[in-house]
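J.: If you scroll down you'll find the structure; I have some questions about it.
Derivation of every value follows stated rules applied to the coordinates shown; laboratory data play no part. Computed from a predicted model, the values in this text were never measured in an experiment. Note: ideal-geometry Cβ built from the backbone for every residue, glycine included; neighbour counts use all protein chains shown.
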Amino acid sequence: MSADTTRPAAPVAAKGALARFLDSDIWFSFKRSPVTIVAATVAAVLILSALLAPLISPYDPFNPATLNLMDGFTKPFSESMFGNYFVFGSDNQGRDVLSTILYGSRISIFVGLMATLFAMVIGISLGLSAGYVGGVYDSVVMRIADIQLSFPAILIALLIFGVARGIIPPSQHESMAVWVLIIAIGLANWAQFARTVRGATMVERQKDYVAAARIMGVNPLRILLGHVLPNVMGPVLVIATINLALAIIEEATLSYLGVGVPPTQPSLGTLIRIGQQFLFSGEWWILFFPAVTLVLLALSVNLLGDWLRDALNPRLR
Amino acid sequence: MVETLVKPAAEAAATKRPVVSVRNLTVDFPLRRGNFRAVEDVSFDIMPGEVLGVVGESGAGKSMTGSAIIGLIEPPGRITGGEVLLDGRRIDNLPPEEMQKLRGKRIGMVFQDPLTSLNPLYRIGDQIVETIRRHLPVSEAEARERAIGLLREAGIPSPEDRIDSYPHQFSGGMRQRVVIALALAAEPELIIADEPTSALDVSVQAQIIKVLKRLCESRGAAVMLITHDMGVIAETADRMIVMNKGRIVETGKVGDIIKRPKQDYTIRLIKAIPSITDPIRVHAAPAEQKALVEVKHLVRDFDLSGSLLDRLFRRGGGKIVHAVDDVSFSIRKGSTYGLVGESGSGKSTCARMMVGLIPPTSGEVLLDGKDIWQAGAAERRRKVQMIFQDPYASLNPRWRVGDIIAEPIKALGLASGRSEIEGRVADLLERVRLDAAAMRKFPHEFSGGQRQRIAIARALSSQPEFIVCDEPTSALDVSVQAQVLDLMKRLQDEFGLTYLLISHNLAVVRTMADDVGVLNKGRLVEQGPVDQVFDAPKDEYTRMLLSSVPDISKVD
């Protein structure tokens, strides 16, 4: 046999998926970055505790039966006059701040994830098709993206939110609020994805493996989804992570402005809005703990995104 | 001739001391998965006025040796053993600032891509004058005089006018001459040329080789010429070293090594190199006389007048380039048609029109008498396949090899059921001499030659009759090239395949093709049987092409 065929391939092939991951460059760069490990731990703790909120939160903040107005304004790490212990204190209605944070981050993270997913789907489909088709279609899509990027995302989200409230009957406002918020934030953020995917698609489109598929008559949709999409997902993943932090902050901003989720299911932004009313009267903890949670969540997710960008960039390795 | 102010090279020549001597050089790269030894125990001398050729396949450590001499090894790599002496003084242990002073002044450098060696924002004259004045005590006006002289020596016509041009105003070959003039500006004793002609067309390559050689002779500078192309060494160098896996395999006079290689590795290497004087190919199954593919008056224009908006506002006057201009030829069933030409000659455009990737402006491509752009479009998808130049780009990195090879089978509905498809893929892998287990791996787990075999297996999977091969081996090392060409030949005879072989490498075409066509600026200037075109070329361009090919048969 020839020298070329006998050359052994990488030994990695024989191992299982987990072993392969533990051996990969991504895991290696993760292990070597203490900041990333801390960020990942913080993000994991926050997300997990939000997910498990019904199981781990000490009180149910939305059950009026368990609330006692006389518990209101209890200081952190102290017991109320009725013997309830509040780690992060309680708010004006006697709700446990820790529990509201746990339930609040649940909504914040859900809205952030769904909005990012929505932006991703729109951005990827428009970016892929624009990059592959080119021509007038590409110009129109990308000019719309340019126009949108010249406005602050929060302004666009506000606009969409306003329009949606005008369309939906008032009786549905409360129940639809979360979904309207998701669509508003998603539509405000698709342009980033579209731009990146379009650029990457234009590069991949020129490659010979796409030419080979075209020669054998594979239809364009299959080429886009089967060949091009998997190869442009790297940068999309990075943007998605950074966008998740952004979407969480945008949701908080909208809720803070009072146009987000209703106070009956408060998100972190709503909690901050409620808390800031008491900041100057000395009850700092009602604002402080939700705000710190929001900062930690956004910062840790952002740091993870930064690390992922560097880890996936071969030039920085 | 420019008057020389300092003559260290000439002094060294008088004393017969080597300009550079490398002693037991070892370069290590401490990597994550253990230490990688890029260069191991390499020793050689270069005398004044001598051209030393360094050849080897990719990863042989030849460029790394050059980088080690000029102190530009990328971290984490470093010299872990041995020493480098420049004119008798050790330089490998100099601090970086000292080393930087040597580069440009005593050691000149010429790299593969002339664009990266020149600053695009400065006039070439300014760059040369700056280099001269940094290293030699002369006035601005004197330096400019010298720069003009250097450019003239490097073969730039009317250098007085061209000295104030920017790099982008020169063609690739002219730019490389400017780089050579720049490398010689400070009268270095040693010039390190790393693949100086690999990015250039053969006709330009021949001129650059001559310029480099003449300048070294007239100035007594030593040259270390690093290249993968044995033909270039055969025409340029006096002595050569052959490297493999970081070690020197063989050293000696160029003629001796090429004609009488001693080491096994060198013998195999020399044997794998095709030559334009090789005997032409004899088919196991002779080709038929009937034409399978006919190309008739094929034309392709490209509109270079910019974007849609520009075109709307400028109105008319757009620039149109005739990439392929009235090309006609036919390919006999079971034969190989070689299409040769320099870059920009339209050979790849031709290939893309023949496989259905870009539509022709006018003219037709007939397969079995049917136009592949009209009635024969459906048939074309099965009967025509393509093998690409770069096996790294032609296989989707996210797909398993089995899926890659099965794609034509699935797209064309040639087989159904997982086991049937898998059986076919295994059979195809065996035909290209790969293990059937390869189907579960990803392309990055294979070497360049193995990937090209996978690409060939994919092309074969639709059981085509006609395969267009666009530079199928130019991204591969010579020994791998020989294996891939050999495989292509065997498959052709086995399946009665018809090939269109596109290559800039005339020697490859000579050993593979039955008929050959020569393209120049989109026009077919000459065609005929291989031996006729190669041995008795009629067209002037063909003659020029053949005489400028650096070939191992041209060694003295």
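J.: Based on the mean of other Cβ atoms within 10 Å per residue, sort peptides A:154-167, A:263-276, B:374-387 so the most packed one is first.
T.: A:263-276, B:374-387, A:154-167
J.: Before anything else, pin down the relative contact order of chain A: Cα pairs under 8 Å, at least 6 apart, normalised by residue count, whole percent.
T.: 22 percent
J.: Could you go through region B:352-368 in sequence order and give the Karplus-derived ³J(HN,Hα) for each residue, using 6.51 cos²θ - 1.76 cosθ + 1.60 with θ = phi - 60°, rounded to whole Hz, and x for Gly and Pro?
T.: Karplus values, whole Hz, x for Gly and Pro: 5, 6, 7, 9, x, 8, 10, x, x, 5, 7, x, 9, 10, 9, 10, 6.
J.: Now, a different point. Shielding by partners for A:213-222, please: the mean number of other protein chain Cβ atoms within 10 Å of each residue's Cβ.
T.: 6
J.: List every residue whose amide H lies under 5 Å from the amide H of residue B:39, counting only residues 5 or more places away in sequence or on a different chain, with H placed 1.01 Å from N in the peptide plane.
T.: Result for residue B:39 returns B:27.
J.: Hey, another quick one. Where the only charges are on Cβ atoms (+1 Lys, Arg; -1 Asp, Glu), what is the dipole of region B:24-157 about its Cα centre, to the nearest 20 debye?
T.: Its charge dipole is roughly 280 debye.
J.: Could you give the radius of gyration (one decimal) and Dmax (whole number) of the Cα atoms in region B:151-302, in Å?
T.: 20.8, 63
J.: Listed highest first by mean packing, meaning other Cβ atoms within 10 Å per residue, what order do A:17-23, B:467-473, B:238-244 come in?
T.: My ranking of the peptides, most packed first, is B:467-473, B:238-244, A:17-23.
J.: Residue A:35 versus residue B:217, label points 7 Å from Cα toward the beta carbon: distance in nm?
T.: With each label placed 7 Å out from Cα toward Cβ, I get 6.0 nm.
J.: Then there's this: Sorted by mean Cβ packing within 10 Å, highest first, what order do the peptides B:322-335, B:259-272 take?
T.: Listed from highest to lowest mean packing, they are B:322-335, B:259-272.
J.: Same structure again: Note down the magnitude of the dipole of chain B about its Cα centre, charges +1 on Lys and Arg C-beta and -1 on Asp and Glu C-beta and zero elsewhere, to the nearest 20 debye.
T.: 880 debye
J.: Return the whole-Å distance between the Cα centroid of region B:51-122 and the Cα centroid of region B:384-438.
T.: 43 Å
J.: Return the long-range amide H neighbours of residue B:338 (sequence gap of 5 or more, or a different chain), with a cut-off of under 5 Å between placed amide H atoms.
T.: B:501, B:514, B:515, B:516, B:517
J.: Please compute the average number of Cβ atoms from other chains found within 10 Å of each residue's Cβ in peptide A:108-120.
T.: Per residue, the average neighbour count from other chains is 0.
J.: When the Karplus curve 6.51 cos²θ - 1.76 cosθ + 1.60 is applied with θ = phi - 60°, which whole-Hz ³J(HN,Hα) does each residue of region A:217-231 get, with x for Gly and Pro?
T.: After applying 6.51 cos²θ - 1.76 cosθ + 1.60, I find x, 5, 6, x, 5, 5, 4, 5, 7, x, 9, 6, 3, x, 8 Hz.
J.: Could you tell me the ratio Rg/Rh of chain B? Both radii from Cα atoms, Rh via Kirkwood.
T.: Computed over Cα atoms, the ratio is 1.00.
J.: Once every Cα of region A:148-205 carries one equal point scatterer and solvent is ignored, give the base-10 log of I(q)/I(0) from the Debye formula at q = 0.17, 0.21, 0.31 Å⁻¹, two decimals.
T.: -0.62, -0.77, -1.16
J.: With a point put 7 Å past each Cα toward its Cβ, work out how far residue A:63 is from residue A:159 in nm, to one decimal.
T.: 4.5 nm
J.: Shape call for the protein assembly as shown from the C-alpha gyration tensor, a ≥ b ≥ c root eigenvalues: rounded (a/c under 1.5), prolate (a/b greater than b/c) or oblate?
T.: prolate
J.: Rounded to the nearest 0.05, what FRET efficiency do residue B:158 and residue B:101 give with R0 = 30 Å and r taken as the Cβ-Cβ distance? Could you check?
T.: Between residue B:158 and residue B:101 the formula returns 0.30.
J.: Across region A:17-23, in residue order, what do the Karplus-derived ³J(HN,Hα) couplings come to in whole Hz, using 6.51 cos²θ - 1.76 cosθ + 1.60 with θ = phi - 60° and x for Gly and Pro?
T.: Residue by residue, region A:17-23 yields 5, 5, 4, 5, 5, 5, 9 Hz.
J.: Let me ask something else about it. Using modelled backbone amide H atoms (1.01 Å from N, in-plane), which distant-in-sequence or interchain residues come within less than 5 Å of residue B:191's amide H?
T.: The answer is B:108, B:222, B:223, B:224.
J.: Looking at this model, which pairs from B:16/B:253; B:271/B:489; B:105/B:554; B:259/B:489 are more than 23 angstrom apart at the alpha-carbon?
T.: Long pairs (Cα-Cα over 23 Å): B:105/B:554; B:259/B:489.
J.: Would you list, by chain and number, the lysines whose Cα falls below 17 Å from the Cα of residue B:441, excluding same-chain residues fewer than 8 positions away?
T.: Counting by Cα, and skipping residues close in sequence, residue B:441 has these lysines nearby: A:15.
J.: Compute the FRET efficiency between residue A:93 and residue B:169 as 1/(1 + (r/R0)^6), taking r as their Cβ-Cβ distance and R0 = 51 Å, and round to the nearest 0.05.
T.: Efficiency, from the Cβ-Cβ distance: 0.10.
J.: For labels at residue B:294 and residue A:137 in the simple 7 Å Cα→Cβ model, what's the distance in nm?
T.: About 3.7 nm, to one decimal.
J.: Per residue of B:380-393, how many C-beta atoms from partner chains lie within 10 Å of its own C-beta, taken as a mean?
T.: Counting other chains' Cβ atoms within 10 Å and averaging over B:380-393 gives 3.
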